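The values are calculated or read from the model by the stated rules, or taken from the named source; none is laboratory data. Note that the structure is a prediction, hence the values are computed from the model and not measured. Quick reminder, even Gly has a Cβ in these numbers, built from the backbone with ideal geometry, and neighbours come from all protein chains shown.
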Amino acid sequence: MPYQSPISPGISWYETTTDDRAEYPALDGSRQTDVVIIGGGFTGLSAAVHLASAGVDVVLLEAWRFGDGASGRNGGQLGTGQRAWAEDLEGQYGFTRAKALFDLAEEAKSHLLEFAETHGIDIEYMPGQMSVVHKKRYLKQYQAHAELMASRFGYPHIHYMDFQETAERLGSARYLGGIYDKGTGHIQPMKLVVGTARAAAAAGAHLYENTKVTGIKSENGKVIVETATGRVTAAKGFIAVNAYGDNLEPISASHVMPIRSFIGATVPLGQDSPVLPGGESVDDSRFVVRYFRRTRDGRLLFGGREAYTADNPLDISTHIRRQIAEIYPGLANVEITQAWGGSVGITLPRQPFVREVMPNVISAGGYSGHGVMLSNFVGKLYAETVAGNRDRLRILEELKVPAFPGGRRLRAPLLFLALSWYALMDRI
């Protein structure tokens, strides 16, 4: 029987199509190391690979299994640049800083693809991504963005699509226009998780699954991490739990908020299907974004975040099928073979949260739906920091990411109200 994540509803299509998901032992006892990493998703595993490859002794602790969290259950889309558009970041930070952030993200994209090739990981990369518009008032903004990417930020791979091109590429007349990005694409994320863990173990990293961290502190120049079955003492610590940190560390918890996201996978649609004939991935202009793509075997993977009450696969399927039918009426009764959910870590400005939260301990997360590409590279940048070069990680550390309002008790209800409001505005 396929494995069921203990922290998220539904068995993902990724899990059912990943054959070599190795298991790693739980920590039993205490040990000392150079660096202790908490969290076995893209960020933590990437850091472990690069640290171990550089000769650093590293211990990584994962509360469940690698891929049980967002890294193994997401939409698989890479995107381009940061989560916020480059021109918006320029308005906040100025051109030089915005260009540095854009270039860093582009390097992250190249790094991910090169890493997979170097380590023989078949991530099922498929090129092409569309960002499509559901409201007429957004069309000029998207057209201007496409022009700015080439003229101001040196990225010539985006062009604006009118209604006709959008409809032809989507196989649907639901959207009014958008942009086409031929410089990015989408992947099977669980295969990247599994392959990165395998590469980290081969490099000499000590990987532990089913080892929940119960506490972390920094004292007397050491970082001490407690678990139910042992303790790890290290010179440095890296918290890479993103949306799954609960209250492990209060500064991270106040800046990174988990929100639920849900995905359904249909049966293969067939080569003659008009749906996404080019095999690209898609995201739309809603604040509560919908995202979808075709897989290598022709399925439609469709995700959204409006099903706040969904807590089992049947509920998820109902909500997702309704959203699919809005775009593709011919798929109103399509069979959904897998449906699953998970948590996305967001920040208030939709910019990554990277900060030293206690002496010798850095925390990273809050990729806000842009983590497939960025999180892997942040792990690499952390390894650079341990090696003595913090310059590139500092570009992210210096982002202006405030805490969510309301404190621990009120921030979740306030966020729910805000998301509900924006979901309503998306429909008007």
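For the reader, a short list of remarks on this structure follows.
- Subset tally (residues that are part of a loop (DSSP other than H, G, I, E, B), on the phi > 0 side of the Ramachandran plot and buried (at least 16 other Cβ atoms within 10 Å of the Cβ)) for segment 238-278: 1
- Consider segment 108-165 and keep the residues that are hydroxyl-bearing (Ser, Thr, Tyr) and closer than 22 Å to Ala84 by Cβ. The one that is farthest from the chain's Cα centre (by Cα) is Ser151.
- Residue satisfying all of: in segment 155-185; touching a His at 6+ places or on another chain (Cβ under 8 Å) and more than 25 Å from Val372 (Cα to Cα); surrounded by the fewest Cβ atoms within 10 Å (Cβ to Cβ) among these: Arg174
- Residue match in segment 126-140 (condition: touching a helix residue (DSSP H, G or I) at 6+ places or on another chain (Cβ under 8 Å) and part of a helix (DSSP H, G or I)): no
- Within the set Gly406, Gly369, the sole residue that is crowded, with 19+ Cβ neighbours inside 10 Å, of a type outside the set (A, V, I, L, M) and at pLDDT below 95 turns out to be Gly369.
- Some residue of segment 372-385 being more than 24 Å from Thr196 (Cβ to Cβ) and either over 17 Å from the mean Cα position of the chain (by Cα) or at pLDDT below 95 (or both): no
- Failed condition for Leu112, given (1) touching a Ser or Thr at 6+ places or on another chain (Cβ under 7 Å); (2) surrounded by 15 or more Cβ atoms within 10 Å (Cβ to Cβ): (1)
- For Leu381, the criteria (1) free of Cβ contacts under 8 Å to residues at least 60 places away in the same chain; (2) surrounded by fewer than 20 Cβ atoms within 10 Å (Cβ to Cβ); (3) under 30 Å from Phe102 (Cα atoms) hold in every case but one, which is (2).
- Helices (runs of 4 or more DSSP H) fully within segment 303-402 that include at least 3 residues being among the polar types (S, T, N, Q) and farther than 30 Å from Ser110 by Cβ: 313-327.
- Only a single item in (1) within 18 Å of Tyr155 (Cα to Cα); (2) modelled with pLDDT under 95 is not met by Asp103, and it is number (2).
- Any hit, segment 118-135, residues being of a type outside the set (S, T, N, Q) and free of Cβ contacts under 8 Å to residues at least 60 places away in the same chain: no
- Among the criteria (1) in a loop (DSSP other than H, G, I, E, B); (2) within 30 Å of Ala86 (Cα to Cα); (3) in contact with a Leu (Cβ under 9 Å, 6 or more places away or on another chain), the one Gly298 does not fulfil is (2).
- Against the list (1) within 19 Å of Arg169 (Cα to Cα); (2) touching a His at 6+ places or on another chain (Cβ under 8 Å), the condition Gly304 fails is (1).
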